[in-house]
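Report on the structure given below.
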């Protein structure tokens, strides 16, 4: 499929074409002191020329030489695939008694996800296996290949990036930042091809294509290896001690599970009005770090922070394989950035591997 070149104005024309086709647009935007996915109504609401300087337990917005340079914001695509809170049942007391029924979510129209990184595309695929719910088939995904990476990224270790796999999106962009900003675009589906035909483009030169591909390869080569997923799966498969040290630092706040693109745990709450005329059952996100999450027969199964941290990290990189045939970690690094005390999952998994080999 022919690869096309777009200027910044061409990217703007792509945005306009999406709006004209009736899409709500979700893309990287400046939100409450960060850059993250949010719904935007205008092209200029996107985080143009902004990046994120991130590390364990810290993030700040900085200027970026790239048009879309932010990596590591707190939102993935999860909330559009697995709503943070939704009503699943509603009932009402009437003259003939109390009646209720399941509530079916109503779609608010197709969404175009703009500027999605490879790790987040992988996150959506992994999450779909767990909750048996993909993004709406009417949605459209415009991916952005990574030509830089944050110090918290480890997608290469997990096999999820920085390149976008074939069939992973409808349209794939690669930003080539230089004296002038330029994008190389590849339509990866018929819908992506139709969208690209509506934008202001020109044929990409062989030099531009080679440079775009080289930038992605350079990221893959430069990103440090975090740990071996196979070793991690084996090391964390069996019960083990050694989690007290990380537990002494962990606040059990659940930030890591909230920002993770694949964590899917929920709880169910019942709510009535003061007159008991109406009632509804609500499903909302929960976390395995919540003390009451594992409560059974009057007490929690995992009463200590050490037990809860081990449960989270072991499920994420080991037990997930038995359930869903893949790792639950995509290497996006959000749990590192948004942990208030800067706990680094790469270090904790590596330590667990060392403990397991020491006992052999």
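What follows draws every value from the coordinates through simple rules; no lab data is involved. Note that the coordinates shown come from a computational prediction; the quantities given were computed from them, not determined experimentally. Quick reminder, even Gly has a Cβ in these numbers, built from the backbone with ideal geometry, and neighbours come from all protein chains shown.
Observations
- Separation in nanometres of the label points that stand 7 Å from Cα toward Cβ, at residue 241 and residue 324: 3.3 nm
- At an R0 of 51 angstrom, the distance between the Cβ atoms of residue 304 and residue 218 translates into a FRET efficiency of 0.70.
- Overall form of the range 238-360 per C-alpha gyration tensor (a/c, 1.5; a/b vs b/c): prolate
- Cβ-derived FRET efficiency at R0 56 Å, residue 198 paired with residue 230, nearest 0.05: 0.80
- The stretch between residue 295 and residue 273, if pulled fully straight at 0.36 nm per residue, gains 5.2 nm over its current Cα-Cα span.
- By definition, a body whose alpha carbon gyration tensor gives a ≥ b ≥ c is oblate when a/c is 1.5 or more and a/b is not larger than b/c, and the range 139-195 fits this oblate description.
- Gain upon complete extension [residue 134, residue 79; 0.36 nm per residue less C-alpha separation]: 18.6 nm
- Correct option for volume of the Cα convex hull per residue in Å³ [calculated from the coordinates] among [x] 245; [y] 166; [z] 158: [y]
- Principal axis dimensions, the range 58-119 - Cα atoms, whole angstrom, descending: 66, 28, 18
- Packing here is the average count of other Cβ atoms within 10 Å per residue, and on that basis the peptides 179-192, 230-243, highest first, run 179-192, 230-243.
- Given their separation in residues at 0.36 nm each and the Cα-Cα distance between them, residue 92 and residue 341 gain 85.1 nm when the chain is fully extended.
- An oblate overall shape is assigned to the range 109-179, the ratio a/c of its alpha-carbon gyration tensor axes (a ≥ b ≥ c) being 1.5 or greater and a/b not exceeding b/c.
- Peptides 150-163, 257-270 ordered by packing proxy, namely the average of other Cβ atoms within 10 Å per residue, highest first: 150-163, 257-270.
- Value of [θ]222 nm, deg cm²/dmol, for the chain, DSSP H segments ≥ 4, -39500 (n - 2.57) each, nearest 500: -8500 deg cm²/dmol
- DSSP-defined beta bridges in the range 29-169 - what % are antiparallel, rounded to 5: 75 percent
- Cα centroid separation, the range 190-242 to the range 284-360 (Å): 25 Å
- DSSP-defined antiparallel bridges as percent of all bridges, the chain, nearest 5: 80 percent
- Fewest-first ranking of 295, 137, using other Cβ atoms within 10 Å as the exposure measure: 137, 295
- Its relative contact order, with pairs defined as Cα atoms under 8 Å and 6+ residues apart, puts the range 1-129 at 22 percent.
- Whole-number percent relative contact order across the chain, with pairs defined as alpha carbons under 8 Å at least 6 apart: 22 percent
- For 48, 11, the sequence from fewest to most other C-beta atoms within 10 Å is 48, 11.
- Antiparallel bridges, percent of DSSP beta bridges restricted to the range 135-239 (to nearest 5): 60 percent
- Residues residue 179 and residue 16, FRET efficiency given R0 of 35 Å [Cβ-Cβ distance, rounded to 0.05]: 0.85
- Relative contact order for the range 148-241, counting Cα pairs under 8 Å that sit 6 or more residues apart, in percent: 34 percent
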